[in-house]
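Colleague: The structure is given below, and queries will be raised subsequently.
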Amino acid sequence: MLTISIGIIIIFSGTVFFATEASYNAIEEASIWIRNYFGFFYLYLGLGCVLLLFAVAFSPLGRLKLGEKDEKPEHSLWAWTAMLYSAGMGAGILLRAVQEPVFMQQHPPYLSKLEPEILALEFTFYQWGFTAWAFYGLFAMVMGYALFVRKKKVRVSATVEETISNRVAQKGIDITTIITTVFGLIAALGLGVTQISGGLNHVFGGGFDLMVTLLFAVLISAIAFYSAWQGVDKGIKIISKVNILVTFLLLLFIFLTSDVVSILRAFAIATSNYLVDFVPMSLAHGAFDPGIKFLTDWTFYYWAFWLAWAPFTGIFIARISRGRTLRQLLLGVLILPSLGTFFWFSVFGTSAFQLIESFGNYNDEFGNVFSSLFIFFSHYPIPTVLNAITIILLIGFLVTSLDSAVFVLSMFTDKGKMEPKKSHRLIWSALILLATIALLLLGNVKPEIDVLTTVQKLLIITSLPFAFFMVIMTWVFLREVITRPKN
C-alpha cells in the first residue's frame, strides 16, 4: 500500500507540474460542481453527525469503554485535550483569528436583528464549532471501537470489512484515505509557512522571500519528523501541551489588555444564540439561508475541508483515547475544543471590532488572511513579542498537525500497527516535505495560479467519497454496537 500511495502522489504531482493550467481548471470546475450539487448534502451530514454523537453520548451506548472494563485512560484530560486540539485545529485559529470575524461583520451572511458583531461571531462559531468536531469525533468513535474493542488493525477499511469484504475495495478505501490526508497536510503546511513569511514581511517591512518560506517548511518538517520518531508520549504529547499553554497565555494577554466586559458579553450572547440557532443554521433554512454563493465560498468549503481532515484526525484522536468511554470521548471532543474556540474568536473578534470602530474608516486592514493577526498586534503593547510568539505558535501547531498525521499515515502503511516502524515515519515526513516544496515552487513559477488554494479545492473533491463512506461506516458501527452481546 505504501508503494501504490507514493506512486499515485508522484503521478498526480507530475501531471500538475507539467500540465498546470489544465489541472487547475479541472480541479476548479470539479470543486465548484461538487459544492453546487453536494453542498447541502454536506450540511445535512454535518447536522446528522452532531445529533448522532450527542445521542450516543447520552444513551446507554455512552458507557461503552474503548478498552478493557477496568482500564484507565491512557492520557490525562489535559494532555488528551491538548493533543486533539493541536491535531484538529492548530494553525487555523491563528490564520483566521481576526480575518474571519471581521469579514463576517463587514459582509453579514444574512439579515438579522442581532448586532452585526454578534452575528459575525455566531457564524464564525458555526463554522468552527460542533460540526467540525463531529466529523472528527465520528471517525474517532468508530475507529476507537474497531481498535480497542474489536482489536482491529489501524485501517479505515477495518470499520466495514465484514460488510465490504472485497479486498480491492478495502484497499481502495485505505489508499483514498492516505491520498486525501497527504493533500490536506500539503495545503496546511503550505498555508502555514506562507503566513509565517507574511508575518515576517509585515514586521520587518519585506525581505522574506520564497527561500525563507521553503526554509521554514524544512524546519517544521524536520521537527515534526523528530516528534513522530519519538512517538506519542515522548514527542507529540509534549509539543501539544506546550502549544496549548503558550496559546492560552497569548489569549489571556489579549483578553486582559482589551475590553474584558465587552468580550465576555459577546461570548455569552453569541454562544447562546449559536446553541439556539444551530439547527436552522445547519439547514440554511428560512431567514438563516445566506444564499448559495456565500455557502459555496464559506460553509460548503469548510465542511468539505473538515471532512477531508476527519480520517487522520479522527484516527489520531481514537489512538490517544484508549481507556475512555464513548461518552467521555464524544462530549470531550464536541464541547471542550468548541468552547475554547468560541472564546478565542470572541477575544480576537470583539477586540478587532472595537479597533475598527476607533479607525473611523475601515480600509480592509484585516482583510489579508496572512497578515491580519500581525496588523492586529500592532495596536497592542509589546507587538514585537506578540509577533514572535505567534510565529513560534504557528511552527508549533504545524508541527503537531504534521507529526500526528505522519504517525497515522505510518500506521496505515505499516500493516495497521499501533506503533509503526520508524522507517515509515521517515518516508512520509520526507514525501510531504518534498511535495510541499514542489507546490510552493510551482506557485512561484506560475504566480497567476494560486497553487495552495488549488490543493485546498482538491480536498473538496477527495472528501466527497468520505462523505458517502461515513454514512456506510456509521450504519455498520451502529448495527454492530446495538446488536453486540451484553457482557
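Read-outs: derived from the displayed coordinates by stated rules, not from any lab. Since the model is a prediction, treat every value here as computed from it, not as a measurement. Here the Cβ positions follow ideal geometry from the backbone for every residue, glycine too, while neighbour counts run over all protein chains shown.
Colleague: Can you tell me the length gained on complete extension of the stretch N25 to K72, counting 0.36 nm per residue apart and subtracting the Cα distance? If you can, show how the numbers build up before the last one.
Modeller: Numbers: separation 47, 0.36 × 47 = 16.92 nm, distance 5.18 nm.
Between N25 and K72, full extension yields 11.7 nm more.
Colleague: Whats the longest run of the chain with zero trypsin sites (Lys or Arg not before Pro) that are DSSP loop and have at most 16 other Cβ atoms within 10 Å?
Modeller: So the longest stretch without any such site is 154-414.
Colleague: Next question. For S112 and F248, compute 0.36 nm times the residue count separating them, minus their Cα-Cα distance, and round to one decimal in nm.
Modeller: 45.7 nm
Colleague: So which aspartates and glutamates pass the test for K153, namely a Cα distance under 19 Å, with those fewer than 8 places away in the same chain ruled out?
Modeller: Of all the aspartates and glutamates, those that pass the test against K153 - Cα under 19 Å, at least 8 places apart if same chain - are E68, E74, E161, E162, D174, D414, E419, E480.
Colleague: Under the rule of -39500 (n - 2.57) per DSSP H run of 4 or more residues, summed and divided by the residues of the chain, what mean residue ellipticity at 222 nm is obtained, to the nearest 500 deg cm²/dmol?
Modeller: Counting only the DSSP helices, I get -26000 deg cm²/dmol.
Colleague: Let me ask something else. So how far, in whole Å, is the C-alpha centre of segment 299-322 from the one of segment 178-209?
Modeller: Segment 299-322 and segment 178-209 have Cα centres separated by 21 Å.
Colleague: Suppose each label sits 7 Å from its Cα in the direction of the beta carbon; what would the K293-W33 distance come out to in nanometres?
Modeller: 2.3 nm
Colleague: Next up: Suppose each label sits 7 Å from its Cα in the direction of the beta carbon; what would the K422-D364 distance come out to in nanometres?
Modeller: 5.0 nm
Colleague: Between F41 and K415, what's the calculated FRET efficiency when r is the beta-carbon distance and R0 is 25 Å? Round to 0.05.
Modeller: Details: r = 34 Å, r/R0 = 1.37.
The computed FRET efficiency comes out at 0.15.
Colleague: So, in nm, how far is label I10 from label E357 when the simple model puts each one 7 Å beyond its Cα toward the Cβ?
Modeller: The two pseudo-label positions are separated by 5.9 nm.
Colleague: Report, to two decimal places, the Cα Rg of the chain normalised by 2.2 N^0.38 Å (N = number of residues).
Modeller: It is 0.93.
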